[in-house]
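Beneath this line is the structure, given in structure tokens, with notes to follow.
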Amino acid sequence: MFTTRVCKLLNIKYPIIQGGMAWVATHELAVAVSEAGGLGIIAAGASPPEVVREEIRNFKRKSNKPFGVNIMLMSPYAEDIVGIICEERVPVVTTGAGNPGKYINKFKEYNIKVIPVVPTVSLAKRLERIGVDAIIAEGTEAGGHIGEMTTMALIPQIVDAVDIPVIAAGGIGDGRGFLAALSLGAEGVQMGTRFVCSIECMAHINYKERIIKSKDRDAVVIGRSTGRPIRTLKNEFTREYLELERKGTSFEELERLGAGRLKLAVKDGDIATGSVMAGQIAGLIDDIKTCKEIIEDIISSAELQLKYITSMKGGELDG
């Protein structure tokens, strides 16, 4: 029922992509998502190249399903990681924090599909012109680094502006959000926060439980004054950071304050002084289950919602 151009492009059963979350998106999570019919993503983050190579090879040892690697283009290792991705014949690359333009020809040489994350229509149009295969349009509801436009407003505008497939991201965590994204013209979704709360995710249990316990207004934005806004769950760290921002603290000092905070939360489980990056959808998540269960629940729920809407067209909506 939900076979789209994204499924055909990526050779996956369901048009569901796992977000490339630094420290969170390891090969274990990627394998689980790909084996469940979606597209698992290994996050390169700021990891050294050989660490990324080993993650790729670990995936291949456990699964022969399609998968991808997310490159943070501002990483000092970006050039080397591009080389490793090509050498290892990774099928898909998603990109963030920069323009992948200078790598497009190299990726095409190895038949690698390139799908950048974008927050604006203008960037989506520019990247389509240089030959990317699809666009991940991410609304401000997402966790981690964010833009300003909401998913609801951004998706249809990008869909109308480009001819390549659009994948919606930001604020999607169940079948209703999945179906809503497709209704806006997207041909797939990318989810991050929902997959953090999976059994296969290697993030610390404290991190997962903090998401589960979060309320609707717990996902706040820090770093607006630096030009690099980040959505994370409120705690001691965010309160200190926001107070310093209000006082006009310098970019350099704020950068020092934030350094290493994500790893502190994800790996060490310090949810008080670490950065618990999560999207606004966190308030909707109340359980930890397998990636297979997450994906199958989303698809079955979306099918039921669609049947309900269809039945309403023949009943109350027409009457």
Fill in: C-alpha center-to-center spacing [region 82-138, region 149-213] in angstrom
19
Worksheet entry | Nearest-0.05 FRET efficiency for THR3 and SER122, computed from C-beta distance (R0 22 Å) | 0.10
Item to complete: Express the relative contact order of region 192-305 as a whole percentage, based on alpha carbon pairs under 8 Å and six or more residues apart in sequence.
Response: 40
Worksheet, complete the sentence: With R₀ set to 45 angstrom, the calculated FRET efficiency between the beta-carbons of GLU209 and LYS108, to the nearest 0.05, is 0.55
Discussion item. Run the helix sum for the chain: -39,500 (n - 2.57) per DSSP H stretch of 4+ residues, divided by residue count, reported at 222 nm to the nearest 500 deg cm²/dmol.
Written reply: -12500 deg cm²/dmol
Worksheet item: Over the heavy atoms of ILE84, what accessible area does a 1.4 Å probe trace out, to the nearest 10 Å²?
Response: 10
Discussion item. With a 1.4 Å probe and all protein chains kept in place, how much accessible area does LEU264 have, in Å² rounded to the nearest 10?
Written reply: 50
Worksheet entry | Extension gain from GLU88 to ALA259, taking 0.36 nm per residue of separation minus the Cα-Cα distance | 58.5 nm
Discussion item. Here are a few candidate values for Rg and Dmax of the Cα atoms in Å: (i) 20.7, 61; (ii) 18.9, 63; (iii) 18.3, 55. Which one was actually calculated from the structure I just gave you?
Written reply: (ii)
Practice prompt. With springs only between Cα atoms under 10 Å apart, run a GNM on the chain and tell me which of GLU79, GLU28, GLU255 wobbles the most.
Written response: GLU255
Fill in: Apportionment of accessible area to carbon and sulfur, region 194-281, percent (1.4 Å)
49
Practice prompt. Rounded to the nearest 0.05, what FRET efficiency do SER250 and MET312 give with R0 = 45 Å and r taken as the Cβ-Cβ distance? Could you check?
Written response: 0.20
Practice prompt. Would you please classify the overall shape of region 154-258 from the alpha carbon gyration tensor, given that a ≥ b ≥ c denote the square roots of the eigenvalues, rounded means a/c under 1.5, and beyond that prolate means a/b larger than b/c while oblate covers the rest?
Written response: oblate
Discussion item. Give me, ordered by chain and number, the residues 5 or more places off LYS113 or on other chains with an amide H under 5 Å from its own placed amide H.
Written reply: VAL92, VAL93
Worksheet entry | Residue-wise HN-Hα coupling along region 30-42, computed from phi with Karplus coefficients 6.51, -1.76, 1.60 (Hz; x: Gly, Pro) | 4, 4, 4, 5, 5, 5, 8, x, x, 10, x, 10, 8
Worksheet, complete the sentence: For region 61-68, in residue order, the Karplus 3J(HN,Hα) values (coefficients 6.51, -1.76, 1.60; θ = phi - 60°; whole Hz; Gly and Pro = x) are 5, 9, 8, 10, 7, x, 7, x
Practice prompt. Give, rounded to the nearest 20 debye, the magnitude of the charge dipole that region 49-136 has about its Cα centre when Lys and Arg contribute +1 at Cβ and Asp and Glu contribute -1 at Cβ.
Written response: 300
Response to the item:
For region 233-247, Karplus-derived ³J(HN,Hα) couplings (6.51, -1.76, 1.60; θ = phi - 60°; whole Hz; x for glycine and proline) come out as 7, 5, 6, 4, 4, 5, 5, 5, 4, 5, 5, 5, 4, 4, 7
Item to complete: With springs connecting C-alpha atoms under 10 Å apart, model the chain as a Gaussian network and identify which of LYS13, LYS62, LYS247 has the largest mean-square fluctuation.
Response: LYS247
Worksheet item: Roughly how big is the chain's charge dipole about its Cα centre, with Cβ charges of +1 (Lys, Arg) and -1 (Asp, Glu), in debye to the nearest 20?
Response: 340
Discussion item. Among TYR103, THR26, ALA36, which residue has its Cα furthest toward the positive end of the charge dipole of region 1-109, with +1 on Lys/Arg Cβ and -1 on Asp/Glu Cβ?
Written reply: ALA36
Item to complete: Keeping all protein chains in place, calculate the accessible area per residue for region 29-98 (probe 1.4 angstrom), answer in Å².
Response: 37
Worksheet item: Can you list residues whose amide H is under 5 Å from LEU39's amide H, if they're 5+ apart or on another chain and H is modeled 1.01 Å from N?
Response: ILE16, ILE17, GLN18
Worksheet item: Which value, in debye to the nearest 20, gives the size of the charge dipole of region 112-253 about its Cα centre, when Lys and Arg are +1 and Asp and Glu are -1 at the Cβ?
Response: 220
Worksheet item: So what is the relative contact order for the chain, in percent, with contacts set as C-alpha pairs under 8 Å and at least six apart?
Response: 17
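The values are calculated or read from the model by the stated rules, or taken from the named source; none is laboratory data. Note that the structure is predicted; figures quoted are calculated from it, not measured. No Cβ is skipped: glycine too gets one built from the backbone with ideal geometry, and neighbour counts run over all protein chains shown. We work out accessible area using only protein heavy atoms, side chains counted, and drop any ligands, DNA or RNA first. Shrake-Rupley method; radii C 1.70, N 1.55, O 1.52, S 1.80 Å.
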